Amino acid sequence: MRPISPFNYLIKSNAETVSKWGLFSFYIKGECNGDWKKFLVKDISHLDLSNYNKIEMVQDYLYIDKLTIVRKRKCIKNNKTTYTYTIKTDKKNLSVNEIEKEITEDEYNSLPTNTIYNSLSKTRYIIPYIDDLKIELDIFHGIYDGIIFAEIEFNSEEQANSIIPVPDWFDKELSHTITNSDMAMRKVEMEEF
């Protein structure tokens, strides 16, 4: 199978999706990293992570510019592997538009990894929080071994900006400073976190 570029894949998959299921088979904004806040976490020794759902993830970035991020992701949860293709656009404050499509392993493998970007490997734990919110606790491996982020995904930017207490084990907020795509584009040094 001949590899296809990320943009050609999007065009191809959009055409197939529209003809099969209609335009709204992709979800946009709010479902996945729509409105969120990200925090650095320095100590999780008090958490019993075995109580929470665990997902092993590898994210490879195919294209990044000021307006658009294109990535592929492999996730392993409960011995089941899934693959996704994601395009993020139009980041404003705490919001981002996201188009995500589950893809096959063959499609995932046909998307060439862009070697100018760092591959990100992490273990994610999903921790229930307040008001049906969840904390996504990401423990990085590889070049970012030891870095831990916690993200809270909100239902709206208004909710994200409301006064919702964060756990006392959260450290510095990184929502406007360090993103995963920043970490993919260059080696972010520890003192920058």
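No lab work stands behind these numbers, since they all come straight from the coordinates. What you see is a predicted model; the values in this text were computed from it and never measured. Virtual Cβ from ideal backbone geometry, glycine too; neighbours counted across all protein chains shown.
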Radius of gyration, Dmax [the stretch 129-193; alpha carbons; angstrom]: 13.2, 36
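Could you tally the net charge around residue 113, taking each other residue with its Cβ under 10 Å from the Cβ of residue 113, Lys/Arg +1 and Asp/Glu -1? Mind showing how you got there, number by number?
Values: positive: 72; negative: 60.
Summing Lys and Arg as +1 and Asp and Glu as -1 gives 0.
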For the stretch 79-176, shape from the Cα gyration tensor axes a ≥ b ≥ c, cut at a/c of 1.5 then a/b versus b/c, turns out prolate
Take peptides 106-112, 62-68, 145-151 and line them up by average Cβ neighbours within 10 Å, highest first, as a rough protection proxy. 145-151, 106-112, 62-68
Spread of Cα-to-Cα distances over 10 Å intervals beginning at zero, given as percent, for the stretch 36-107: 16, 35, 34, 14, 0
